[in-house]
Amino acid sequence: MEEQGFFYRDTWAEIDLDRVSANITGLKELLPNDVEIIAVVKANAYGHGDVQISNTALMAGATYLAVAFLDEALSLRKKGITAPILVLGASRPQDVSIASNHEVTLTVYRTDWLTEALTHLGKEQTLKLHVKLDTGMGRIGIRDKQELQTLEQQINKDVRVELEGVFTHFATADELNTDYYQQQFTRFQEMLSWFNNRPKLIHSSNSAASLRFKEAGFNAVRMGIVMYGLTPSIEMEPELPFPLQESFSLHSRLVHVKKLQKGEKISYGATYEAQAEEWIGTIPIGYADGWIRKLQGQEVLVNGIRVPIVGRICMDQCMIKLPCELPLGTKVTLIGEQNGEVISVNEIAERTDTINYEITCIISNRVPRIYKQHGKIVDVYNAIAD
Ligand code: PMH
């Protein structure tokens, strides 16, 4: 195997960077030229790998990156990313000096936060801020006019800080019913009118809104899930303006193959019992890899054929029922394609009663990531060897 030497367990995720690029190009073509793309790479780029996705996104035309926490921004800086990075979530006011040193843009979401933050900023330091407005998501953000105007004045008085942007976040942009979206959009416009001077960058759209609502594009959009080739919601799938290319796949290999006699049992609790002579394979992936116990019974692909996971999923291993005796080392695909048969992230999400976002995020750091571009492996990342 080409990836040999980077990791020593036959389980890995593959990220197809060409597909990530294609998804960004798809959105770019849909947007007016003057709308910038902010690539949302928080949570290790939804489990895909922050630095590889950031570089791919920037190459494909994104101009800004966004993460949830300052630590994530600093990690990208450490890995050599020099593009602008916005921290979308709350940072501690005492950490503004570190943000400034690494040219990380922070979100301001209350006036008392700003007052305290300014006391921690050095005389010679500068800081870029985007103000978060809460138009109905109810997480963080300013909600009233007085507070926003006080904040604007406070920022104007201090030459060290620049209010570069203003943003909000939609709670229901991926739902077919647009009533709540409309309310939030109207509220955002109203709140924008409270500024004396509107900041340079105005952004409200996540992936769903970017695809659906032109008016919410302003001059930047925050692109997360669609960049990875996943639909923002199942109900939106029929409405997608261009085909998304799923970039994440998950694979393993048979490390043990055995014949069970009728009545013999498998795994913790001995809950699975062979009904006849059966071939059972073991794959080295388990719930500690994010392949959670709820996936018992889920199918995987072997030689393009769907076969079920049998018995309880263990921490590091699980067992599958094989159609016949198969050689050790046979590739098993848990998410992705084999010979035209596909198991999508959405299928795994449905099985586990959750959304596709959660699936790629929870495939843990113990699973190495292989990056492919133009059909070749261009990078391998094994977090536990770092
Ligand atoms: N902007 C903010 C503030 C976000 O929280 C998110 C995603 C995005 C943009 C990107 O959204 P998209 O992936 O739908 O394009 N945030 C989350 C979240 O907090 N939980 O799920 C997705």
**Request:** Round to a whole angstrom and tell me the spacing of the C-alpha centers of the stretch 88-151 and the stretch 260-312.
**Result:** 50 Å
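What accessible area per residue comes out for the stretch 51-117, rounded to a whole number of Å², with a 1.4 Å probe?
Details: 2730 Å² over 67 residues.
For the stretch 51-117, the per-residue accessible area is 41 Å².
Please give me, ordered by residue number, the GluC sites (Glu not before Pro) of the stretch 284-338 that lie in loop per DSSP and have at most 10 other Cβ atoms within 10 Å. Could you put the intermediate results ahead of the total?
On the way: sites: GLU299, GLU325, GLU337; in loops: GLU325.
Passing sites in the stretch 284-338 are GLU325.
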**Message:** As a test of the formula, what do you get for the chain when each DSSP H run with n ≥ 4 contributes -39,500 (n - 2.57) and the sum is divided by the residue count, at 222 nm and rounded to the nearest 500 deg cm²/dmol?
**Reply:** -7500 deg cm²/dmol
**Asked** Using the Cβ atoms and a cut-off under 15 Å, what net charge is assigned to the surroundings of GLU341, where Lys and Arg are +1 and Asp and Glu are -1?
**Response** -2
**Request:** Have a look at the DSSP beta bridges in the chain and tell me what percent are antiparallel, nearest 5.
**Result:** 55 percent
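Roll a 1.4 angstrom probe over the protein heavy atoms and tell me the percent of accessible area of the chain that is carbon or sulfur. Write out the running numbers ahead of the final one.
Details: 8320 of 17350 Å².
With neighbouring chains kept in place, the figure for the chain is 48 percent.
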**Prompt:** With the chain treated as a Gaussian network of Cα nodes joined by springs under 10 Å, which of GLY329, GLY49, GLY141 yields the largest mean-square fluctuation?
**Reply:** GLY329
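Under 8 Å for C-alpha pairs, at least 6 residues apart: give me the relative contact order for the chain, rounded to a whole percent. Mind dumping the intermediate values first?
Values: 836 pairs, mean separation 67.4, N = 386.
Relative contact order comes out at 17 percent.
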**Extreme residue, positive dipole direction of the stretch 1-66, given options LEU17, ALA66, GLY49 (C-beta unit charges)** = ALA66
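Please get the size of the charge dipole for the chain, origin at its Cα centre, with Cβ charges of +1 on Lys and Arg and -1 on Asp and Glu, quoted in debye to the nearest 20. Don't skip to the answer; put the middle values down first.
On the way: 39 positive and 49 negative charges, 122 e Å.
Around 580 debye, computed over the chain.
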**Message:** Could you put CYS318, CYS324 in order of accessible surface area, largest first, with the 1.4 Å probe and the full protein assembly present?
**Reply:** CYS324, CYS318
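The values are calculated or read from the model by the stated rules, or taken from the named source; none is laboratory data. As the structure is a computational prediction, the values presented were derived from the model and not from experiment. Note that we place each Cβ from the backbone using ideal geometry, even for glycine, and neighbour counts take in every protein chain shown. What goes into the accessible areas is simple: the full protein's heavy atoms, side chains included, and nothing from ligands, DNA or RNA. Shrake-Rupley method; radii C 1.70, N 1.55, O 1.52, S 1.80 Å.
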